[in-house]
Amino acid sequence: MAGPYYWVGGTGNSSDATNHWATSSGWAPDVGNVPASTDNVIFDNASSTANAAYTFTIDSTLTCADFTMGGPGSGNDVTWAGSAALDIYGSMNLSAGSADLTRTYTGTITFKSTATGKTIASNGVSFGGTVTLDGAGGGWTLSDAFSSTGGVNVSAGTFNTGSFNMTVTFFRDATAGTTSITLGTSTITCTLNGSATVWQVTAAGTTFSGASSTIKFTGVGSSLVGFTGGGQTYGTVWFANGGSTGTCFLAQDNTISELKDTGTAAHNLYFQSSVTQTITTFTVSGSATKLVTINSCNASGTAQTTTHALAKAGGGTISSDYLNIQHSVATPSSTWYAGANSTDNQAVATAGSGWTFTVPPAGVSSVSPQFINVS
C-alpha cells in the first residue's frame, strides 16, 4: 500500500489535494494529490483544526484502499457530508461511531476489493445511499449491525453478514457473476421504497446460505412487495407490513421453513404461477373483515389465472383462516386447512386443489398455529 493518507486541516472537500491530505497524522498537508485505490485513508484525533468539530465533504469520486473514520472526541466531532461516489478497495471502519460522527453523506459506496478478508464496521452509523459489493475474488464480512436508507447490491465476490442484523430498503444479487452470500442467523429487514422487487437473489453463479435467516418486510401504503428468492433455501420469510394494502408476492421455486404474514389490512399474497413454494410452517391468516387473498401471479407480481403450487414439508398440518383462495394447488391435500371462515374461489378460471375449507380434525397436529389479525 502507498500512503496512508491522513485527513488534516479540519473542514474541507475530498478533492482538495493541496490543503487536506498528509502522509502522517497531524502533519501539514504534503501529498499534493488525492488518494488512489492503493492508499489507506485515515481520519483521527489530529484531523481537525484546534481540536474543533469539522465537516468532511466528498465532492467528487473518492477512491481509497481502507477507509477509517475514527478518533473524534473532545469537541472534534466530524460531519461526513457530500453526495459523490466513494469507491473502497479494502475495508471500512467507522470507528468514530454514531456518537461522534454525523452522517449526512448520501452518495453510493462501492466495495471493489479483489482480495478476501475485508470487513465493514459501521459502529452504529446508518448509511444514506446504495452500497454495492463488486469485486471479483473479493470478500467482505460485517463486523456489526448494518443499516442504510438505501439498498444493498451484491454484484461480485463474497458477502457474509456475520449473523449481524441488517436494515435496508432492498437486497439484490441480480448481476450475473460469481457471488457467494452467507446470511447466518441474521434478520434482514427490508423497508418499502416503491420498488416491486425488494428481495432479489437471481444471479447466475450465486452460492447461497440462508436456511437460518429471517427476511422481513416492513412498511405501510399500497406498494408492491416482491420476494424473488432464486430457488434458494430460507429460514423465515415474513411480511410484516402492518396496515399496508399492497400486494406481497413470492417468485421462483423456494424452500422456506416458515412463511409468515402479519399484515393487519385486507391484502393480497400472491405466488408465482407454475412454480412451487416448499413450506414447512405457513403462518398466514386474516380477520373477519380483512381477508388475505391467495392467488397466482407472474414474476413481477401481476395476478394470473393459472395455478401456483404450495408443497407442505415435514409433519403436521397447515391451519389458517380468513383467506380468499384461488388458483392454488396445495400438496399433500390432507395437510392444508383454510379454516371455516375462508372463501373458496378455487373453481374460478384454472381450478386449484388441495385446500380443505374447515379446521383440522380433532387430534390432527398442526405445526402452523392459526394467526388472526385483530385490528
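Okay, here's what the table says:
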| quantity | calculated |
| --- | --- |
| Tally, over region 267-289, of residues that are in contact (Cβ under 8 Å) with a residue 40 or more places away in the chain and over 21 Å from residue 349 (Cβ atoms) | 9 |
| Check on residue 348, at pLDDT below 95 and open to solvent by 30 Å² or more (accessible area, probe 1.4 Å) | yes |
| Restricting region 223-235 to residues that are among the hydroxyl-bearing types (Ser, Thr, Tyr) and open to solvent by 30 Å² or more (accessible area, probe 1.4 Å), the residue that is farthest from residue 165 (Cα to Cα) | 223 |
| Condition check for residue 169: modelled with pLDDT under 95, closer than 18 Å to residue 127 by Cα and open to solvent by 10 Å² or more (accessible area, probe 1.4 Å) | yes |
| Output for region 280-306, where each listed residue is open to solvent by 40 Å² or more (accessible area, probe 1.4 Å) and not in a strand (DSSP E or B) | 288, 289, 291, 298, 299, 300, 302, 305, 306 |
| Among residues of region 199-222, those that are surrounded by 15 or more Cβ atoms within 10 Å (Cβ to Cβ) and either modelled with pLDDT under 90 or touching a helix residue (DSSP H, G or I) at 6+ places or on another chain (Cβ under 6 Å) (or both), counted | 5 |
| Lone unmet requirement of (1) under 20 Å from residue 254 (Cα atoms); (2) without any contact (Cβ under 8 Å) to a residue 60 or more places away in the chain; (3) not in a strand (DSSP E or B) for residue 339 | (1) |
| Residue under evaluation residue 113, criteria (1) over 23 Å from residue 48 (Cα atoms); (2) in a strand (DSSP E or B); (3) of a type in the set (Ser, Thr, Tyr), criterion not met | (2) |
| Within region 38-97, considering residues that are in a loop (DSSP other than H, G, I, E, B) and touching a helix residue (DSSP H, G or I) at 6+ places or on another chain (Cβ under 8 Å), the one most open to solvent (accessible area, probe 1.4 Å) | 77 |
| Number of the condition not met by residue 277 [criteria: (1) surrounded by 20 or more Cβ atoms within 10 Å (Cβ to Cβ); (2) at positive phi] | (2) |
| Residue identified as more than 24 Å from residue 310 (Cβ to Cβ) and of a type in the set (Gly, Ala, Ser) among 242, 226 | 242 |
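The values are calculated or read from the model by the stated rules, or taken from the named source; none is laboratory data. Since the model is a prediction, treat every value here as computed from it, not as a measurement. Virtual Cβ from ideal backbone geometry, glycine too; neighbours counted across all protein chains shown. The area values use the complete protein model at the heavy-atom level, side chains included, leaving out ligands, DNA and RNA. Shrake-Rupley method; radii C 1.70, N 1.55, O 1.52, S 1.80 Å.
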